[in-house]
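Some notes on the structure that comes next.
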Amino acid sequence: MRYLPLTPEDRKAMLATIGADSVDAFYADVPEAVRLGGKVAGLPDHQGELAVERHMAALAGKNRVASDGRFFVGCGAYKHHVPASVDHIIQRSEFLTTYTPYQPEIAQGTLQTLFEFQSQVAAMTAMDVANASMYDGSTACAEAAIMACRVTKRRRVVLSGGLHPHYAAATRTVCEAQGIEVVQLPPAVDDELALKDAVTDKTACVIGQSPNVFGTVTDLSPVSEAAHADGALMVSVFTEAVSLGLVTPPGEMGADIAVGEGQSIGNALNFGGPYVGLFATTKKHVRSMPGRLCGETVDADGQRGFVLTLSTREQHIRRDKATSNICTNAGLCTLAFTAHMTLLGDKGFTQLAELNHEAACALADALEEVDGVEILTPRFFNEFAFRVPGNAEAILAQLDELGVIGGVRASRILPGKGMDNVIITCATECTTEDDIKAYADALNEVL
Amino acid sequence: MTMNSQGRSTTPDEAIPMSEIQTVSGSRGLQQREDLIFETGSTGKTGVDLPNPKGTKSRLGSVTRKRPTDLPGLSEPETMRHYVRLSQKNYAIDLGLFPLGSCTMKHNPRLNEKVARMPGFADIHPLQPQATVQGALELIDQLATWLKTLTGMPAVAMSPKAGAHGEFCGMMAIRRALIARGEIETRTRVLVPASAHGTNPATAVQCGFKVDEIKADERGRVNMEDFKAKLEDSSDIAGIMLTNPNTCGLFETDIMEIADLIHEAGGYFYCDGANFNAIMGRVRPGDLGIDAMHINLHKTFSTPHGGGGPGAGPTVLSDALADYAPVPFVVKDEDIYSLVEETEGEGEEAFGRLCAFHGQMGMFTRALAYMLSHGADGLKQAAEDAVLNANYVQARLKSTMTAAFDGYCMHEALFSDAFTAEGIDTLDISKALIDEGYHPMTMYFPLVVHGAMLIEPTETESKAELDRFCDALGAIAERAKAGDESLKGAPYLAPMRRLDETQAARKPVLRWTPPEPDRMAAE
């Protein structure tokens, strides 16, 4: 077995040093009735690299790849180009095969990148501070809800009708367990501002999203004003991090907590994970934050260095009184994010956002020309919803046969909400003019 | 002195002590000084060449960013240098033994990295039509089968994103089961041993339960007397969260009795599977009476720790809890795989959802490649070698250091600080290991052992590497015993000396801000 360095002679010599006859001695505490005699039945024996690679390649070969083009799926995960250097950087042994930086003297590499990551996230969201990541956007959203309850000592959160339904569901799961009331506003393409009227003096927070799950961008300032007037917090969610290169960032809309999905920067689609949850807040609420934080300090020689800090919020110190149970976070995905963002800088980030927006505008222009198509999203970044004259699922299946992966049917993420004829579609810098033409042509053929 | 043909010396001259050497650049040989990107980059610089936007009319309404970000950019060569220089300030498994107890820092095979990057896995979208991702669903199903078979459990929830998220999944399933029994209001107490990972009590509370701590006995196991006493009035018992093998590196000898008693009391048995690496192929958790257990793919199944993540925490469930698994899950009908993303009833999920999408696919591919590479025979051998390596370390060091408990250990060896001289503690020993070229062991955990040092070598270390490690740690332990004060200053040879954590926490600086004069100029 190529991953096991011990030779039979080593094992014998080691057993002799220990004074045991065989490894069975170490398993003597396992109740006899349940000890396995041989190997676990029903599983194959070991295989060489080539055989394993073939097995995996056969599975991979059965999937339709986004890079094959004519691919318009968004809704919380986005197909973007990742520079080659980013993947090289995250495969450096020293980043890939290291642990959480609990020993700062030999982990400054990871710690400095985390400090830079936190600074970048704070800058792009226009918030004061960001943590060192959550699992993904949806779990960051759930954590924001319970943090708001902790801060306000209230037990009700209100979710907008444009919040990604998976984010809403993850938040409900966490809140339900803690007896926090969740008010879900009905699905709406363009009604984030309805949150304003749902705030009362019992509300811990309102959670709005821009761009929302239908792609609609909204200035949430009126929502934060209403929330603050009643002593509640405003949580601002985004699923498309690239949008922040162009749209009003959470901090400029009065958000108390900004959460979002960072996958778009530096990370592949990966069929849904691993991704990287972004979590930022104001100075005032730092000590109520979940997750790891990296901070600046000095070493014994007075050199600037970085350490994990404020860990009295965390489970390994505070146990049952921790702000969250999170331990492992998105580590290497934050490195991919920060390395890609370093390559972009403000200039590249803004330009990338513009290209995304232009691609989506071109797509909307082309689809609007198709008879029977009605664009529903009034203001959008790189994703929008449109109505088709027929069942969206059937139409998407027909488009697939013509080589176009046309988007997500709204009924897949919002079943039973009367959205059977709505498609949510997305374009990015990867979308070509040919892709857009192919989509419009195929849709013309199908409808 | 030996000279080469040009008269240059080829042997070193008398050296000046290293500590006295100062450099102008701040670098020290191969250890390059590296400033923050905010200090070296600029907002106008970029390392990507994107096409120029055409200037299409915006459809954003007025919801546009009013001020530019202060995100600094670097060119590609500067970017590469930045991260490679930083990387060289990190310790890593690929550099040497990483003996962190409870973390299972084993070798991360590069084949796994290769397969995870196959476009058919990395470049597919979680919401593209299911007919176009049959291979991905099949992979999830195959991995699920391996996990169920290895653990002897009937069901597995694949979506948890890390160990603690798996704990949350398992405890939520228990919560749902109690709701179904109509007992959620009364059964609120969860027993957690004092030696547990901090995530266990944190999770129990996050799921709305109260934590009741069980003592450890003198053998490092659950104190059965205390456990039984806590079950005397069992009407409020929701369950127990127990790590097995436990965080002292010991198999819980009474585990089957614990399972029976907790079930008799009307509760459920959650097992923290962080240490599954020790028992793979030797015993199946399903045979021990466990109801739920998460499996850290980033420990047992070698997916890289990546400096803190990402992980993956699929959670196996017993028949009693299988119905309460969260969405989504994969089902197979004939030869077609499909994903159940919502459950019946007006779109309201009966079981809940833990997160967006279907779990950590990028970790699934790596873990499956690892399992296929090892096979049933190799996984068993891996577990046995991990346990052998830990016992070897324990045997070699127990005459110098104080083993926390008598007898053999499982996959990790636990020592207390009883052997150290007054004034020298576990932290000093840990930091001295850094100077010897090793990452320290887990320190001060588990909490039930004073000054705990928990060493988990894993199966991917050779005997020669273990011997070098034991020689180094043994020598440090002798110095600690002798009260060598110089240990207090360690490390001396790392990229940094000990860092001031108190200052970091007292006046937190959590992001870069421009230096004062710049800020004034900007205003």
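Residue count for the range B:403-427 under the criterion of being without any contact (Cβ under 8 Å) to a residue 24 or more places away in the chain and crowded, with 20+ Cβ neighbours inside 10 Å: the result is 1. The sole residue among A:Ala126, A:Ala140, A:Ala107, A:Ala148 that is within 18 Å of the chain's Cα centre (by Cα) and in the same structural domain as A:Gln263 (by TED's automatic domain parsing) is A:Ala140.
Residues in the range A:381-415 that are of a type in the set (Lys, Arg) and either over 22 Å from the mean Cα position of the chain (by Cα) or away from every other protein chain (no Cβ under 11 Å) (or both): A:Arg387 only. Determine, yes or no, whether A:Pro378 is facing chain B (nearest Cβ under 9 Å), surrounded by fewer than 24 Cβ atoms within 10 Å (Cβ to Cβ), more than 30 Å from B:Gly489 (Cα to Cα) and at pLDDT 95 or above. So A:Pro378 fits the description; yes.
The criterion of being in contact with a Pro (Cβ under 6 Å, 6 or more places away or on another chain), more than 7 Å from every other protein chain (Cβ to nearest Cβ) and among the polar types (S, T, N, Q) holds for A:Thr125.
Tally up the residues in the range B:90-129 that are closer than 26 Å to A:Phe306 by Cα and aliphatic (A, V, I, L, M), please. Within the range B:90-129, residues that are closer than 26 Å to A:Phe306 by Cα and aliphatic (A, V, I, L, M) number 6. Scan B:Gly163, B:Gly249, B:Gly266, B:Gly239 and give me the residue that is surrounded by fewer than 24 Cβ atoms within 10 Å (Cβ to Cβ) and either of a type in the set (D, E, K, R) or not assigned by TED's automatic domain parsing to the domain that holds B:Gly451 (or both). Selected residue: B:Gly266, the only one of B:Gly163, B:Gly249, B:Gly266, B:Gly239 that is surrounded by fewer than 24 Cβ atoms within 10 Å (Cβ to Cβ) and either of a type in the set (D, E, K, R) or not assigned by TED's automatic domain parsing to the domain that holds B:Gly451 (or both).
Residues are listed down the side, and each one gets a yes or a no for (1) at pLDDT 95 or above; (2) part of a loop (DSSP other than H, G, I, E, B); (3) within 11 Å of chain A (Cβ to nearest Cβ):
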site: B:Met172; (1), (2), (3): yes, no, yes
site: B:Ile179; (1), (2), (3): no, no, yes
site: B:Ser195; (1), (2), (3): no, yes, no
site: B:Cys248; (1), (2), (3): yes, yes, no
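Residues that are outside any loop (DSSP other than H, G, I, E, B), over 18 Å from the mean Cα position of the chain (by Cα) and within 7 Å of chain A (Cβ to nearest Cβ) were ranked within the range B:85-112; the one that is farthest from B:Leu242 (Cα to Cα) is B:Leu86. The residue that is farthest from the chain's Cα centre (by Cα), among those in the range A:352-374 that are charged (D, E, K, R) and farther than 20 Å from A:Lys79 by Cα, is A:Asp371.
The strands (runs of 3 or more DSSP E) falling completely within the range A:247-347 include none with 3 or more residues that are of a type in the set (A, V, I, L, M), within 8 Å of chain B (Cβ to nearest Cβ) and touching a Gly at 6+ places or on another chain (Cβ under 9 Å). The set of residues from the range A:353-378 being in contact with a helix residue (DSSP H, G or I) (Cβ under 6 Å, 6 or more places away or on another chain) and either among the β-branched types (Val, Ile, Thr) or closer than 16 Å to A:Glu240 by Cα (or both) comprises A:Ala353, A:Asn356, A:Val370, A:Val373, A:Ile375. Here's a check for you: in the range A:75-102, which residue that is among the small types (Gly, Ala, Ser) and free of Cβ contacts under 8 Å to residues at least 60 places away in the same chain is nearest to B:Gly306 (Cα to Cα)? Among those residues, the one meeting the criterion is A:Ser93.
Does B:Lys230 satisfy the criteria of being within 9 Å of chain A (Cβ to nearest Cβ), touching a strand residue (DSSP E or B) at 6+ places or on another chain (Cβ under 8 Å) and modelled with pLDDT of 95 or more?
Details: within 9 Å of chain A (Cβ to nearest Cβ): no; touching a strand residue (DSSP E or B) at 6+ places or on another chain (Cβ under 8 Å): yes; modelled with pLDDT of 95 or more: yes.
No; evaluated as a whole, the condition is false for this residue.
Can you name the number of the only condition in (1) touching a helix residue (DSSP H, G or I) at 6+ places or on another chain (Cβ under 6 Å); (2) in contact (Cβ under 8 Å) with a residue 12 or more places away in the chain that A:Asn329 fails? Checking A:Asn329 against (1) touching a helix residue (DSSP H, G or I) at 6+ places or on another chain (Cβ under 6 Å); (2) in contact (Cβ under 8 Å) with a residue 12 or more places away in the chain, the one that fails is (1).
Within the range B:293-307, is even one residue more than 19 Å from the chain's Cα centre (by Cα) and assigned to a strand (DSSP E or B)? So far as the range B:293-307 goes, no, none of its residues is more than 19 Å from the chain's Cα centre (by Cα) and assigned to a strand (DSSP E or B).
When you check B:Ser430 against the structure, is it without any contact (Cβ under 8 Å) to a residue 12 or more places away in the chain, at negative phi, not assigned by TED's automatic domain parsing to the domain that holds B:His298 and not aliphatic (A, V, I, L, M), yes or no?
Values: without any contact (Cβ under 8 Å) to a residue 12 or more places away in the chain: no; at negative phi: yes; not assigned by TED's automatic domain parsing to the domain that holds B:His298: yes; not aliphatic (A, V, I, L, M): yes.
So B:Ser430 fails the test.
For the range A:1-22, taking the residues that are farther than 14 Å from B:Gln394 by Cβ and in a helix (DSSP H, G or I), the one that is nearest to the other protein chains (Cβ to nearest Cβ) is identified as A:Asp10. Residue count for the range B:62-83 under the criterion of being out of contact with any Ser or Thr (no Cβ under 8 Å at 6 or more places or on another chain), of a type outside the set (Ser, Thr, Tyr) and modelled with pLDDT under 95: the result is 1.
Among what's in the range A:23-32 and is more than 42 Å from the chain's Cα centre (by Cα) and facing chain B (nearest Cβ under 8 Å), pick the residue that is surrounded by the most Cβ atoms within 10 Å (Cβ to Cβ). Filtering the range A:23-32 for residues that are more than 42 Å from the chain's Cα centre (by Cα) and facing chain B (nearest Cβ under 8 Å), the one surrounded by the most Cβ atoms within 10 Å (Cβ to Cβ) comes out as A:Phe26. Scanning the range B:365-413 for residues being outside any helix (DSSP H, G or I), more than 7 Å from chain A (Cβ to nearest Cβ) and under 14 Å from A:Tyr27 (Cβ atoms) gives a total of 3.
Given the criteria buried (at least 24 other Cβ atoms within 10 Å of the Cβ) and among the aromatic types (Phe, Trp, Tyr), does A:Tyr102 qualify? Here the answer is no, as A:Tyr102 does not meet what is asked. Select, from B:Asp484, B:Asp471, B:Asp500, the only residue that is in contact (Cβ under 8 Å) with a residue 40 or more places away in the chain, in the same structural domain as B:Val387 (by TED's automatic domain parsing), more than 30 Å from B:Phe276 (Cβ to Cβ) and of a type outside the set (Lys, Arg). The conditions single out B:Asp484. If you check B:Met441, B:Met453, B:Met496, which single one turns out to be more than 30 Å from B:Glu39 (Cβ to Cβ), buried (at least 19 other Cβ atoms within 10 Å of the Cβ) and within 11 Å of another protein chain (Cβ to nearest Cβ)? Of B:Met441, B:Met453, B:Met496, the one residue that is more than 30 Å from B:Glu39 (Cβ to Cβ), buried (at least 19 other Cβ atoms within 10 Å of the Cβ) and within 11 Å of another protein chain (Cβ to nearest Cβ) is B:Met441. Being over 22 Å from the mean Cα position of the chain (by Cα), more than 10 Å from chain A (Cβ to nearest Cβ) and polar (S, T, N, Q) holds for only one residue in B:Ser462, B:Ser416, and it is B:Ser416. If the condition is being of a type in the set (D, E, K, R) and surrounded by 18 or more Cβ atoms within 10 Å (Cβ to Cβ), then the range A:140-190 contributes A:Glu143, A:Arg154, A:Arg156, A:Arg172, A:Glu176, A:Asp190.
The residues in the range B:115-127 that are outside any loop (DSSP other than H, G, I, E, B) and within 7 Å of another protein chain (Cβ to nearest Cβ) can be counted, and the count is 5. When A:Ala84 is tested against the conditions (1) touching a Cys at 6+ places or on another chain (Cβ under 8 Å); (2) surrounded by fewer than 18 Cβ atoms within 10 Å (Cβ to Cβ), the lone failure is (1).
The values are calculated or read from the model by the stated rules, or taken from the named source; none is laboratory data. Everything numeric in this text was worked out from a predicted model, so none of it was measured. For neighbour counting, all protein chains shown are included, and Cβ atoms are generated from backbone atoms with ideal geometry for every residue, glycine included.
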